[in-house]
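Visitor: Here it is: the structure, laid out below.
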Amino acid sequence: MDKINIIKASGEKAPFEIEKVIRSLERAGTDKLLVEEIVQDIEKAVYDGMTTKKIYKMAFKILKRKSRVSASRYKLKKALMELGPSGYPFEKFVGSLLSHEGFDTKVGVIVQGNCVQHEVDVIAQKDNKHYMIECKYHSDQGRFCNVKIPLYIQSRFLDVEKQWEKQQGHKTKFHQGGVYTNTRFTTDAIQFGTCVGLMLTSWDYPKGNGLKERIDKSGLHPLTSLTTLTKAEKSKLLDKGIVLCKDINENPSLLEQIGIAKQRQKDILEDSEELCITH
């Protein structure tokens, strides 16, 4: 195959690498034969200047037809983009992820700083660690968190930390600010965050422990991953404060509450149960 360049969501060009498609499909639990079939179709269709979005859509269309659960896992990045439009469901999702990892969490709280009050997306505590986390949700994959975000969060954190340190028992605690985003950080955002000691988490950062790996490990898939729910049904559930497949699994009556017919509930519950299985 001649060298082909594709256009990423950010608008930049990059060489087309079929290995990346294979890795994404394998991570979604797609069986070997289906991976081969999708790869053949993409290799036949790919052309210079094709967008990654088009390549993704091709693979997703075949997956959805042949393996619903693999399609749900494959669309994880897009599913995180669908935790909108307000961004609050993403905050709730981050809170749930940290709770699962053993933290005591509070979502959407007002915290008194040394100078002013701050609205904090997630407060997380475990053992001697105390975190103040800002969640940056983007509905567009091409939008990254630039250096302004960690700069701003660090100044807010320092104000809150000053106040925390005045509280009883807090002098010896480890305090840290953090930023979670469903997209990516720019290089200088990572550079600054690392330099001042902010905890940064994005789709694929830190390497090997970004959101995609932590969701796979925990089985905490957002309900927006489900291909068996319509967009309107997902919105109704998000409006109720439901963000996880696990929530549907543990409370199937939620489906009835939003008017989903009995015959469709079976497929939705089957898929959500399978997505909760950890990898």
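The values are calculated or read from the model by the stated rules, or taken from the named source; none is laboratory data. Small disclaimer: the values here were computed from a predicted structure and weren't measured. We place every Cβ from the backbone using ideal geometry, glycine too, and count neighbours over all the protein chains shown.
Visitor: Within region 235-272, can you find the residues that are of a type in the set (S, T, N, Q) and closer than 23 Å to R73 by Cβ? Steps first, answer last, please.
Guide: Keep residues of region 235-272 that are of a type in the set (S, T, N, Q), which gives 235, 249, 251, 253, 257, 263, 265, 272.
Answer for region 235-272, where residues must be of a type in the set (S, T, N, Q) and closer than 23 Å to R73 by Cβ: S235, N249, N251, Q265, S272.
Visitor: Can you name the residue in region 121-141 that is outside any strand (DSSP E or B) and more than 15 Å from the chain's Cα centre (by Cα) and, of all such residues, is farthest from L151 (Cα to Cα)? Even if it seems obvious, please write down each step before you answer.
Guide: Restricting attention to region 121-141, the residues satisfying the condition of being outside any strand (DSSP E or B) are 127-128, 137-141.
This time we only want the ones that are more than 15 Å from the chain's Cα centre (by Cα), so: 127-128.
On the way: D127: 27, N128: 25 Å.
The selected residue is D127.
Visitor: Would you confirm whether or not region 171-185 contains a residue that is closer than 18 Å to K77 by Cα, among the aromatic types (F, W, Y) and modelled with pLDDT of 95 or more? Steps first, answer last, please.
Guide: Taking region 171-185 as the starting set, the residues that turn out to be closer than 18 Å to K77 by Cα are 179-185.
Subset that is among the aromatic types (F, W, Y): 180, 185.
Checking the rest, the ones that are also modelled with pLDDT of 95 or more come to 180, 185.
Yes - at least one qualifying residue is present in region 171-185.
Visitor: Would a scan of region 86-95 turn up a residue that is without any contact (Cβ under 8 Å) to a residue 60 or more places away in the chain and part of a loop (DSSP other than H, G, I, E, B)?
Guide: If we filter region 86-95 for residues that are without any contact (Cβ under 8 Å) to a residue 60 or more places away in the chain, which is where we start, we get 86-88, 91, 95.
Now drop any that are not part of a loop (DSSP other than H, G, I, E, B), which leaves 86-87.
Checked against the condition, which is being without any contact (Cβ under 8 Å) to a residue 60 or more places away in the chain and part of a loop (DSSP other than H, G, I, E, B), region 86-95 yields at least one hit.
Visitor: Would you confirm whether or not region 100-110 contains a residue that is among the polar types (S, T, N, Q) and in contact (Cβ under 8 Å) with a residue 24 or more places away in the chain?
Guide: Kept after step one, since they are among the polar types (S, T, N, Q), are these residues of region 100-110: 105.
Adding the requirement that they be in contact (Cβ under 8 Å) with a residue 24 or more places away in the chain leaves none.
Among the residues of region 100-110, not one is among the polar types (S, T, N, Q) and in contact (Cβ under 8 Å) with a residue 24 or more places away in the chain, which makes the answer no.
Visitor: Now for a separate question. Got at least one residue in region 212-225 being over 15 Å from the mean Cα position of the chain (by Cα) and at pLDDT 95 or above? Steps first, answer last, please.
Guide: In the first step, residues of region 212-225 are kept if they are over 15 Å from the mean Cα position of the chain (by Cα); the result is none.
Within region 212-225, not a single residue is over 15 Å from the mean Cα position of the chain (by Cα) and at pLDDT 95 or above.
Visitor: Condition (residue is of a type outside the set (D, E) and touching a Ser or Thr at 6+ places or on another chain (Cβ under 7 Å)) applied to region 151-168: is it met by at least one residue? Before the answer, list the steps.
Guide: Step one: list which residues in region 151-168 are of a type outside the set (D, E), which gives 151-158, 160, 162-164, 166-168.
Checking which are touching a Ser or Thr at 6+ places or on another chain (Cβ under 7 Å) leaves us with none.
Checked against the condition, which is being of a type outside the set (D, E) and touching a Ser or Thr at 6+ places or on another chain (Cβ under 7 Å), region 151-168 yields no hits at all.
Visitor: May I pose another question? Of the residues R73, R65, which is crowded, with 19+ Cβ neighbours inside 10 Å and among the basic types (K, R)?
Guide: Values: R65 fails: crowded, with 19+ Cβ neighbours inside 10 Å.
R73 is the lone residue from the list that is crowded, with 19+ Cβ neighbours inside 10 Å and among the basic types (K, R).
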